[in-house]
1. Only one of these is within 24 Å of R106 (Cβ to Cβ) and either surrounded by fewer than 18 Cβ atoms within 10 Å (Cβ to Cβ) or within 16 Å of ligand 2 (Cβ to nearest atom) (or both): T148, T141, T191. Name it.
2. Taking P194 as the residue in question, decide whether it is away from ligand 1 (no atom under 11 Å from the Cβ) and under 17 Å from the mean Cα position of the chain (by Cα).
3. For segment 219-262, which residues satisfy the criterion of being within 11 Å of ligand 1 (Cβ to nearest atom) and acidic (D, E)?
4. Which count do you get for residues in segment 165-191 that are within 16 Å of ligand 1 (Cβ to nearest atom), closer than 19 Å to D88 by Cα and not small (G, A, S)?
5. Working only within segment 124-159, note down all residues that are among the small types (G, A, S) and touching a strand residue (DSSP E or B) at 6+ places or on another chain (Cβ under 7 Å).
6. Only residues that are assigned to a helix (DSSP H, G or I), buried (at least 20 other Cβ atoms within 10 Å of the Cβ) and over 15 Å from the mean Cα position of the chain (by Cα): list them for segment 52-72, please.
7. Only residues that are in a loop (DSSP other than H, G, I, E, B), under 13 Å from G82 (Cα atoms) and within 14 Å of ligand 2 (Cβ to nearest atom): list them for segment 220-262, please.
8. Restricting the search to segment 223-246, which residues are acidic (D, E) and without any contact (Cβ under 8 Å) to a residue 24 or more places away in the chain?
Amino acid sequence: MPLRQVSCPLVSEASDRYVQVFLILRFSKHAISPQNAVYNIRVICYNTKQYNMKKPLLAPSLLSADFSDLAAAVRQIEEKKGSAVHIDVMDGQFVPQISYGQPVIRSIRGLTALPFDVHLMVERPDAMVDSFAEAGADWITFHLEAATHAHRLARHIRSLGKKAGVSVVPSTPVSLLEELLDEVDVVLVMTVNPGFGGQELIPACVRKIARLAALRAERGGRFLISADGGVNERTAQAVADAGADILVSGSAFFSGSLTGDF
Ligand code: DX5
Ligand code: ZN
């Protein structure tokens, strides 16, 4: 088998496979001279770097943090290489629980320079985006299922100087997003039903991420894809492989099993 065919599938795996790739090449019949072997190893180095550049960002969700010490939770997100603080706002209407709102966001805003990724699981998001922007949100994501005029709302969020996000629950098909894709900076695909942390990821939602990524490639879209719910050390790679750019993780991150180094 030619060397190029041997190396391609391997370099798409994590860099801890690097030594394994090296050994295969050294003992391959095709590594006919030491010079040739060095050349092939250099190619793999380069490809591995390319792969790492595409690694998704981790946005830990405060929903699984100890609410009595949110400052410590924010520090933990910084220390464990989170790229954003995911803040799940629940109103007791769109989802059954009530979590936190603008005053809590305002009170932790000064603790970090990391972006605040505010996920509004609320009815009537249009009535709330201004106050969340003022409280310190950087990315504001509303649910397609809760917005009557999603196009107008996405444009309004951008007009506030914020990143606009739209989210879909597991039963909402990707096709319903098509007319919005040029108006948003991020599409948050819920990989569990919204409302609670610690649920099992729904595999069909990972296939939705793959469909959305294919649609983005086809249209030359610029939005990011975020995956939210059930992302842990067992599922993160499959979600990333499907095309997610941002992994939201609550219970796995705060239990210590998933970090930004995954
Ligand atoms: C669920 C929230 C998620 C949740 C993820 O409604 O939107 O952000 O915190 O929690 P895990 O990672 O535990 O599924
Ligand atoms: Zn969320």
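Nothing in this text is a laboratory measurement; each read-out follows from the coordinates by a stated rule. Keep in mind that this is a model prediction, so the values were computed, not measured. Cβ atoms come from the backbone with ideal geometry, glycine included; neighbour counts cover every protein chain shown.
1. Just a single option satisfies the conditions, and that option is T141.
2. Here the answer is no, as P194 does not meet what is asked.
3. D228
4. Number of matching residues: 10.
5. Once the filter is applied, which keeps residues that are among the small types (G, A, S) and touching a strand residue (DSSP E or B) at 6+ places or on another chain (Cβ under 7 Å), segment 124-159 yields A133, G136, A137, A150, A154.
6. Scanning segment 52-72 gives a single hit, L63.
7. Once the filter is applied, which keeps residues that are in a loop (DSSP other than H, G, I, E, B), under 13 Å from G82 (Cα atoms) and within 14 Å of ligand 2 (Cβ to nearest atom), segment 220-262 yields only G250.
8. D241
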